[in-house]
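All remarks here apply to the structure that follows.
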Amino acid sequence: MKRFEACIFDLDGVIVDTAKYHYKAWNTIAQKLGFEFTWEENEQLKGVSRVDSLEIILQIGNVVISNEERQSYLVLKNDIYLDLIKNMNPSEILPGVEDFLRQLQKQEIKIALGSASKNARPILERVHLINLFEVIVDGNEVSKGKPDPEVFEKGAKLLNVEARKTIVFEDSISGIIAANNGGFRSVGIGEQKNLNEAEYVIPGFKDISANDIFKALS
Ligand code: B16
Ligand code: MG
């Protein structure tokens, strides 16, 4: 019996570096609202849905707007983001990711995506990784955002695996808490200082093998 049967990957900041495009788009919105939004503040938006991200932006800028204005800013943010990602290609896959996914495939470990983004599928298609994912759960399929574990629970259910035998890879603190809340094993991608709740933190997948992760979590 294998100790680990599946891995669920977040998209933005784990598979591809779209966090920089989300930041650019939100910063344009913040400027339109009359303030600058810093890269440090952007940490709070990672893994957070589009709608909830706008609320955080409004709080940071201490700005009050109507619901109609909210809707138009949400549309504008996504239009800017879609324009920034329109030419994405496989060169934007983060270092070591593809090799890591192929190692899992060889070891017959199931692979799923668990992303808050409603743009996850076209991004996976553009970087030519979509066929490596057995299951994709994205922002179109969940009603509760991270730190609620719904996105990962749906993924595990579709893969027919137990949470305790599934590793979640996440770059956001909300995603790590979501994984922990659902009883999943959690690996943070990024800096330890931002991801203290993760069971194990790596800077990225470069020079990290699937067996390294299995050992670290054993
Ligand atoms: P969209 P992930 C998340 O994706 C991003 O981290 C977060 O910054 C973004 O607001 C959210 O997706 C929604 O994205 O506007 O494309 O629906 O990290 O969960 O893959
Ligand atoms: Mg992310």
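The values are calculated or read from the model by the stated rules, or taken from the named source; none is laboratory data. Quick caveat: nothing in here was measured; it's all calculated off a predicted structure. Cβ sites come from the backbone with ideal geometry, for glycine too, and all protein chains shown count toward neighbours. For accessibility, only protein heavy atoms count, side chains too; no ligands or nucleic acids. Shrake-Rupley method; radii C 1.70, N 1.55, O 1.52, S 1.80 Å.
If the viscosity is 1.306 mPa s and the temperature 10 °C, what translational diffusion coefficient in µm²/s does Stokes-Einstein give for the range 19-85 when Rh comes from Kirkwood over Cα pairs? The Stokes-Einstein estimate is 135 µm²/s.
Taking every DSSP helix (H) stretch of at least 4 residues in the chain, weighting each as -39,500 (n - 2.57) and dividing the sum by the residue count yields a mean residue ellipticity at 222 nm of -12500 deg cm²/dmol.
Highest mobility in the GNM of the chain, judged by mean-square fluctuation with C-alpha springs under 10 Å and restricted to Ala163, Ala198, Ala30, is found for Ala30. Put +1 on the Cβ of each Lys and Arg and -1 on the Cβ of each Asp and Glu in the range 19-85; which of Ser72, His22, Asn62 then has its Cα farthest toward the positive end of the dipole? Comparing the listed Cα positions along the dipole, His22 ranks first. Accessible surface area normalised per residue over the chain is 49 Å², counting heavy atoms of protein chains with a 1.4 Å rolling probe. Computed over neighbours whose Cβ is under 12 Å from that of Glu141, the net charge equals +2, Lys and Arg +1, Asp and Glu -1.
Just to confirm the number: angle between the C-alpha axis of helix 50-61 and the first principal axis of the chain, 0 to 90 degrees, nearest 10? Roughly 50 degrees between the two axes. Placing unit charges on the Cβ atoms only, positive for Lys and Arg and negative for Asp and Glu, gives the chain a dipole magnitude near 480 debye about its Cα centre. Taken over the range 67-179, lysine pairs spaced eight or more positions apart, or on distinct chains, with alpha carbons under 27 Å apart number 28.
Considering the chain, its Cα convex hull presents a mean projected area of 11.4 nm².
Expressed per residue, the C-alpha convex hull volume of the range 151-218 stands at 82 Å³. Accessible surface of the chain, 1.4 Å probe: 47 percent of it comes from carbon and sulfur atoms.
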